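The structure under discussion appears below in the form of structure tokens.
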Amino acid sequence: MKNSKLQKMLKAHKLWIDSNKKQGEPADFCEADLREADLREVDLREANFYKTNFRGCDLYKTNFRGSDLRGSCFYKTNFRETDLRETDLRGSDFRETDLDFLVRSSLLLWRNTNYRRP
């Protein structure tokens, strides 16, 4: 995805969150290629990331609370301090991603998730 399109979608989503869903629009990154994107400290609550490619992304302190992340690729992705509460991760690929700090969370849906320790 081109950076200009990504920034436009992030801006509209931020407006949607900040206006309590009255302005802007929720981000829909369904099947998007966000490979190596820098999404540090971005509020992406309730966005659609179904089958999105996050390979190599920096998601430090990103808020995905309530987002649909089913079937996404998180190969070698940084999840430090990422908020994944109430997030659906079924069918996602976490190969070579350090998730030891997340595994203890009982709020995540881990069924059919490809999680292998690096």
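The values are calculated or read from the model by the stated rules, or taken from the named source; none is laboratory data. All values derive from a computational prediction rather than experimental measurement. Glycine also receives a Cβ, built like all others from the backbone with ideal geometry; neighbour counts cover every protein chain displayed.
A few comments on the model shown:
- Looking across Glu81, Glu36, Glu25, Glu31, one residue alone is touching a residue at least 12 places away in the same chain (Cβ under 8 Å), surrounded by fewer than 16 Cβ atoms within 10 Å (Cβ to Cβ), touching a helix residue (DSSP H, G or I) at 6+ places or on another chain (Cβ under 6 Å) and not aromatic (Phe, Trp, Tyr). It is Glu25.
- Scanning region 59-78 for residues that are among the charged types (D, E, K, R) and crowded, with 18+ Cβ neighbours inside 10 Å turns up Asp68, Arg70.
- Filtered residue count, region 64-76, keeping only those that are over 10 Å from the mean Cα position of the chain (by Cα) and among the hydroxyl-bearing types (Ser, Thr, Tyr): 1
- The residues of region 1-57 that are of a type in the set (Val, Ile, Thr) and either out of contact with any Asp or Glu (no Cβ under 9 Å at 6 or more places or on another chain) or in a helix (DSSP H, G or I) (or both), listed by number, are Ile17, Val42.
- Some residue of region 18-35 being of a type in the set (D, E, K, R) and on the phi > 0 side of the Ramachandran plot: yes
- Residue count for region 91-109, restricted to those that are at pLDDT 90 or above, surrounded by fewer than 22 Cβ atoms within 10 Å (Cβ to Cβ) and part of a loop (DSSP other than H, G, I, E, B): 1
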